[in-house]
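J.: What follows is a single structure, and I will ask about it in a moment.
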Amino acid sequence: MRERLGRDVLYMPSCRLGLYVALRHWCPPGGRVLMSPVNDDVIFFVVLAAGLRPVQAPLNPYDGSIDVDAVPESTWRGLSGVITTNLYGNPDPAAELRLRCDALGIPLIEDAAHAIGSTVAGRPVGSFGDAAVFSLSKHVGAKTGGFLAVADPGARDELAAARDASLLPSRPGAELAYAVRPYAEAGVRGLRLTHAARAALRLLGQEERDGIRMPLRPGELRRALADAPDLAAFHSWVRVDLHHYRLRPGRMRLRRTERLLAGLDRTLAAHEAGTEELLACPWAARKAVGADGARSGTGSGTGTGSGAETEAGVGAKAAAGAGA
């Protein structure tokens, strides 16, 4: 990852912990952070856990990226930072956001969980911000691990110390469960018991969300906000779908992650081939900038290598990118 990005990189047990560490390092508590409203709830709660206030950014309707020009000047002046999303690997306008952040003297933090292979303006996503976070649960399929990439190598030791202070001790039971999980999941799929397994989890109260969104629980949220910044206060929201997000990784977990990461280039090549095939179909005909103000994109999502984007193109990228 250091070679890909040209930046110093710090391993994290999860993308979400990397984002929390970055926000605590670069953004003062109580600050307002511009971010996309189209993102996983976990990211929203990570921002709250860092003691910050999310500000919803207007989005370009053709590709779901932050519409830089549609953000009011009054909003820009009140920000303490900006978080990109790169939804389904489709890049946000990082170069424009970098210029805005530099002019305001605020940090740009790239959420590159979907965009480990994406580029924008000829540069990889993750090479524009003061920091960028990546997930190995998505394209790599490790179901654990991530990276925090930083522009300033001098910040690495402080960030590593903040990471280590947030970690929970590794547990043998958790490592064993991680080791057998791929085989258990394969058995459930092979026996076509996926729906039955999910129904059982719901009956046992283990299904944390029925759909895309998780329950807000406003009473608990008010109490948690009183303790922010505090990751532990928001643990019940931040842990959803990845309970071991802050667990110190054991040897088995690291070995599997390393093995899967070695196949990343093959995975990205397959995504690119599949996306190009989808974009070539008649339902993905690309459009130029029109009278309605829709713009052509300047970047390529995971495995696209394309320029102009359309709604159909975004759908194709969603198919090429790993799940949120």
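J.: Scan the range 31-65 for residues that are under 17 Å from Ala131 (Cβ atoms) and of a type in the set (A, V, I, L, M, F, W, C) and report the count.
T.: Residues in the range 31-65 being under 17 Å from Ala131 (Cβ atoms) and of a type in the set (A, V, I, L, M, F, W, C): 9 in total.
Conditions tested, residue by residue: (1) crowded, with 18+ Cβ neighbours inside 10 Å; (2) under 18 Å from Pro13 (Cα atoms); (3) at pLDDT 90 or above; (4) among the hydroxyl-bearing types (Ser, Thr, Tyr).
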| position | (1), (2), (3), (4) |
| --- | --- |
| Leu204 | no, no, no, no |
| Asp210 | no, no, no, no |
| Leu221 | no, no, yes, no |
| Ala224 | yes, no, yes, no |
| Asp227 | no, no, yes, no |
| Ala232 | no, yes, yes, no |
| Tyr245 | yes, yes, yes, yes |
| Leu254 | no, yes, yes, no |
| Leu260 | yes, yes, yes, no |
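J.: When you check Asp69 against the structure, is it more than 18 Å from Leu231 (Cα to Cα) and open to solvent by less than 40 Å² (accessible area, probe 1.4 Å), yes or no? Reasoning before the result, please.
T.: On the way: more than 18 Å from Leu231 (Cα to Cα): yes; open to solvent by less than 40 Å² (accessible area, probe 1.4 Å): no.
No: the conditions fail for Asp69.
J.: Also, I was wondering about something else. Please work out which one of (1) surrounded by 24 or more Cβ atoms within 10 Å (Cβ to Cβ); (2) farther than 21 Å from Arg4 by Cα is the condition Pro91 fails and give its number.
T.: Of the numbered conditions (1) surrounded by 24 or more Cβ atoms within 10 Å (Cβ to Cβ); (2) farther than 21 Å from Arg4 by Cα, the odd one out for Pro91 is (2).
J.: Okay, next question. Which of the residues belonging to the range 52-61 are more than 15 Å from Ile109 (Cβ to Cβ) and open to solvent by less than 40 Å² (accessible area, probe 1.4 Å)?
T.: Asn60
J.: If the Cβ limit is 8 Å and pairs must be 6+ apart or interchain, which residue in the range 162-174 that is more than 9 Å from Gly250 (Cα to Cα) pairs with which residue that is of a type in the set (D, E, K, R) and open to solvent by less than 40 Å² (accessible area, probe 1.4 Å)?
T.: If the second residue must be of a type in the set (D, E, K, R) and open to solvent by less than 40 Å² (accessible area, probe 1.4 Å), the pairs left are Ser166/Arg246; Leu167/Arg246; Leu168/Arg246.
J.: Shifting gears a bit: State which residue is least open to solvent (accessible area, probe 1.4 Å) when the search covers only the range 116-151 and only residues that are over 15 Å from the mean Cα position of the chain (by Cα) and free of Cβ contacts under 8 Å to residues at least 60 places away in the same chain.
T.: Going through the qualifying residues, I end up with Phe128.
J.: When the range 17-34 is examined, which residues are found to be touching a strand residue (DSSP E or B) at 6+ places or on another chain (Cβ under 8 Å) and either open to solvent by 10 Å² or more (accessible area, probe 1.4 Å) or without any contact (Cβ under 8 Å) to a residue 40 or more places away in the chain (or both)? So that I can check it myself, show each step before the final result.
T.: To start, the set of residues in the range 17-34 that are touching a strand residue (DSSP E or B) at 6+ places or on another chain (Cβ under 8 Å) comprises 17-19, 21-23, 25-27, 30-34.
Hits for the range 17-34 are His25, Trp26, Gly30, Arg32.
The values are calculated or read from the model by the stated rules, or taken from the named source; none is laboratory data. Bear in mind that the values here come from a model prediction, so they are computed numbers and not experimental data. Cβ: placed from backbone, ideal geometry, glycine included. Neighbour counts: every protein chain shown. For the accessible areas, the whole protein counts, side chains as well, though only heavy atoms, and no ligand, DNA or RNA atoms are used. Shrake-Rupley method; radii C 1.70, N 1.55, O 1.52, S 1.80 Å.
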